[in-house]
1. For every helix of n ≥ 4 consecutive DSSP H residues, a contribution of -39,500 (n - 2.57) applies; sum these over the chain, divide by its total residues, and give [θ] at 222 nm rounded to the nearest 500 deg cm²/dmol.
2. Past 22 Å, Cα to Cα, is the threshold; run Lys91/Lys284; Lys133/Lys284; Lys133/Lys294; Lys115/Lys236; Lys115/Lys234 against it and keep the listed order.
3. Once both labels are modelled 7 Å past Cα along the beta-carbon direction, what's the Leu13-Phe56 spacing in nm?
4. Run the accessible area of the stretch 165-299 with a 1.4 Å probe and give the carbon-and-sulfur part as a rounded percent.
5. Which of the aspartates and glutamates could a cross-linker span from Lys73 if the Cα-Cα distance has to be under 18 Å and same-chain partners fewer than 8 positions apart are dropped?
6. How do 49-57, 187-195 rank on mean C-beta neighbours within 10 Å, highest first?
7. Please report, largest first and rounded to whole Å, the three semi-axes of the ellipsoid equivalent to the stretch 1-150, where each semi-axis is the square root of five times an eigenvalue of the C-alpha gyration tensor.
8. Distance between the C-alpha centers of the stretch 154-233 and the stretch 111-143? Whole Å please.
Amino acid sequence: QREEALMTELSELVQKVVKSSSWWERHGVDIGILACSFLLLPAGFLCLRSAQAIPFLAGVLTLGVVHHTLTVKGSHLASHNALTESKSWGKVWAIFFIELCSAFTAEQGTYNHVKIHHGYTNVIGLGDSSTWKLPFLNRYVYMFIAPLAVPIITPLVALDLLRNVEWKVALRTLCCMFLGLYCHYWLLLHVSGFQSPWSALLCMLLTRSLLAHPYIHVNIFQHIGLPMFAADRKPKRIHLMSLGVLNLPRNALLDWSFGHSLISCHVEHHLFPSLSDNMCLKIKPIVSQYLKQKKLPYNEDTYASRLRLFLQRYEELMVHAPPITELVGIQ
């Protein structure tokens, strides 16, 4: 009962902040970032026309950051319906960001992330982040080479998941995936002036994998290596999220392209997943102070520290099954 009372008290504190916040704070800031990213697309494609190295590299960097902003930040917010108050528009944004921009399936992506990962955070066999593990790869291949294949693996995984949805949904997803990939390819040929299909495809791979390394790293750093629980012995929500989630420090590039809720406000995001990135940042002082005041964990670590940990203990963390944590007296 005490755990439920703690979660209720924290929720009330957070709801006061949310209700006193403007639409701009709740949704506008993040929509603005996504809109700015769209406006940068023409400049990125035009820079790739240049035969000079610096403008060309500027184009690659621009398109890479824009791609990850739309596919990681946009898709993540859309999967939680955090971009709008309307469920109908939320569905539209989910299809747009997840299927058209990210070449993934909105239904299965949302189900696996929201229902499983969030519903059963760090519960073994459910939301334990084991889908990120590839035990047949050694630590250096996994951490530094495999991320380059994310743009290829993502649509292939989506095609496999489409077996679990009805044919109309699968057809819509296939059409959106194809349209998104083909538009990217067509723009490289006809706007950026690439002469061969292979050079355009290589540029697609380069821009779509530009931030794939931190994308993979962030997803494993913030859960794996923290307490994991058996489904029948998991603690109440506030303990589950405070024990099993970790925040990284703020980083300008990753804050912009991935969003605060995936970087420095991941604990807040798991406690209140329907809030936008900007709102997670706004409630961060309240959540951190409350958890520390109640003597609950508030996990924080640096990117470099987590990277060292995973390189040193790769087999323990990414190959072997995690040990089950039991919290006596608070289940």
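1. Result for the chain, helices only: -16500 deg cm²/dmol.
2. The answer is Lys91/Lys284; Lys133/Lys284; Lys133/Lys294.
3. 5.4 nm
4. Exposed carbon and sulfur together represent 66 percent of the surface.
5. Leaving aside aspartates and glutamates fewer than 8 places away in the same chain, those within reach of Lys73 are Glu25, Asp30, Glu85, Glu99, Glu107, Asp255, Glu268, Asp277.
6. 187-195, 49-57
7. So the equivalent ellipsoid measures 33, 25, 14 Å along its semi-axes.
8. 17 Å
The values are calculated or read from the model by the stated rules, or taken from the named source; none is laboratory data. Remember, predicted model here, so these are calculated numbers, not experimental data. Glycine gets a Cβ as well: all are built from the backbone with ideal geometry, and neighbour counts include every protein chain shown. Keep in mind that these areas ignore ligands, DNA and RNA; they rest on the heavy atoms of the full protein, side chains included. Shrake-Rupley method; radii C 1.70, N 1.55, O 1.52, S 1.80 Å.
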